[in-house]
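The values are calculated or read from the model by the stated rules, or taken from the named source; none is laboratory data. What you see is a predicted model; the values in this text were computed from it and never measured. Neighbour counts are summed over all protein chains in view; Cβ atoms, including those assigned to glycine, are modelled from backbone coordinates with ideal geometry. All accessible areas refer to the heavy atoms of the entire protein, side chains included, with ligands and DNA or RNA removed. Shrake-Rupley method; radii C 1.70, N 1.55, O 1.52, S 1.80 Å.
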There are 2 protein chains.
Amino acid sequence: MSRSASGSGTGSADGLTRSAGAVVGLLSSLVRHAPRDLSMTSVSTLSTLDSTGPRRITDLAAIGGITQPSVTALVISLERAGLVERCKDPADKRVVLVAITAAGSDYLHARRRANIEAFAQLIDRLPLDEAAALGAAVPALEHLRELDDQQRDPGPSIGGVGTGLDG
Amino acid sequence: MSRSASGSGTGSADGLTRSAGAVVGLLSSLVRHAPRDLSMTSVSTLSTLDSTGPRRITDLAAIGGITQPSVTALVISLERAGLVERCKDPADKRVVLVAITAAGSDYLHARRRANIEAFAQLIDRLPLDEAAALGAAVPALEHLRELDDQQRDPGPSIGGVGTGLDG
DNA sequence: ATAATCTATATAGACAGTCAATGTAGTTTC
DNA sequence: GAAACTACATTGACTGTCTATATAGATTAT
């Protein structure tokens, strides 16, 4: 809380705190109204499968930050919904490889599109100068997300966590 | 998706979509790692009580977007934790008025401080220009939250919903 | 080679948070 | 003062999560 407090665009001493409050507040406002047809964790798991290909149960647990039994249950329900497939790994008969289906991929992309579009419509109602300021802050927002992921997952190349809202 | 697509700071045609994606992505990244000692709904309820004073059960249900039986259970557990008090309304003996206690208020403020500070530390690691851009986007972010609240709650003066992460 | 150990997943049992449906006490209206 | 309404509590179910443990298969050491 030392450096950029003087560097933030507001020029005031608590610009940083205010930035933090603004982002956190908006975040809060959105989360609790997200669609609930699938759990955040399910969407997050689908997202991982979609972007990085088939995975074993244990991987999904580590990536998603939940336990292996939870993933087992989650995958079973996703399978029942037709959104993923489970296949045995011929090289190691203990392993279950989970893959997203075409239906799963379709669902995911539709949901992602809807989320972004709804938010885009919100942005579209901003005054021009605010929309411009938001656009200029995009690299900062993307960078923040990277920093956040790094900080929580100091491990190697597991890839983005995927978080449900980005479904 | 018509106007500010050309007005956003990126200058590209999909600047709006990219802004939306950036914000949604960051928010997603943060949500799933929030502290879970109290549920989002509990913190949200505490926040409402803290900012608007004692409330009846039904109010809390409407404000929080959950059912009345859920609030009854939630309030009972908050009461057991010493964070709220329940008292009868002398004017209407059916009513239970729920009020936040000093301990509840302390908890809430500590949590809010911690959240904002953690996020501020993240912002502090941004390059100066990005931190400045983020600072400049604060009014836009705050405005977005307002727009979001309005859109979902076209009703009268219920006040901010409070969403758990802003605890 | 085979026994011990490790690994990947499944199962069982528990708990929190949510809901819909319904019960009960108190209030308002006609 | 009877009917209808309101505020809250209770019940029973379902989901998502956890810990602890079981089972099948793989690896390692002797």
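Find how many whole Å separate the alpha carbon centroid of the range B:60-112 from the alpha carbon centroid of the range A:31-100.
Using only Cα atoms, the two centres lie 37 Å from each other.
Less than 17 Å apart at the alpha-carbon level, and either on another chain or at least 8 residues along: which aspartates and glutamates does that give for B:LYS93?
B:ASP59, B:GLU85
What is the sum of charges around A:VAL84, taking Lys and Arg as +1, Asp and Glu as -1, for the other residues whose C-beta is under 13 Å from the C-beta of A:VAL84?
For residues surrounding A:VAL84, the net value is 0.
Taking K and R as +1 and D and E as -1, what net charge do the other residues with C-beta under 13 Å from the C-beta of A:VAL95 add up to?
Residues close to A:VAL95 contribute a combined charge of +3.
Kirkwood hydrodynamic radius for the range A:39-148: how many Å is it when counted over pairs of different Cα atoms?
Across the range A:39-148, the inverse of the average 1/r is 16.0 Å.
Sort all Cα-Cα distances of the range A:49-103 into consecutive 5 angstrom bins from zero, then give the percent of pairs in each bin up to the one containing the longest distance.
Once binned at 5 Å, the Cα pair distances of the range A:49-103 give 5, 21, 30, 29, 14, 1.
Suppose R0 equals 51 Å. What FRET efficiency, 1/(1 + (r/R0)^6) with r the Cβ-Cβ distance, do B:ARG56 and A:VAL95 give to the nearest 0.05? Can you show the working numbers first?
Working: r = 54 Å, r/R0 = 1.07.
Result of the calculation: an efficiency of 0.40.
Report ³J(HN,Hα) in whole Hz for each residue of the range A:94-104, in order, from the Karplus equation J = 6.51 cos²θ - 1.76 cosθ + 1.60 where θ = phi - 60°; Gly and Pro get x.
After applying 6.51 cos²θ - 1.76 cosθ + 1.60, I find 6, 7, 10, 9, 9, 10, 6, 8, 4, 4, x Hz.
Rolling a 1.4 Å sphere over the protein heavy atoms, what is the accessible area per residue of the range A:39-148, to the nearest Å²?
47 Å²
Calculate what fraction, in whole %, of the accessible area of the range B:35-149 sits on carbon and sulfur atoms when a 1.4 Å probe is rolled over the protein chains.
Whole-percent figure for carbon plus sulfur exposure: 55.
Using only protein heavy atoms and a 1.4 Å probe, how much accessible area in total is buried between A and B, to the nearest 100 Å²?
On the way: alone 11160 and 11140 Å², together 15500 Å².
The summed interface area works out to 6800 Å².
Just the accessible area for B:ARG145, please: 1.4 Å probe, Å², rounded to the nearest 10?
Here the residue's solvent-accessible area equals roughly 60 Å².
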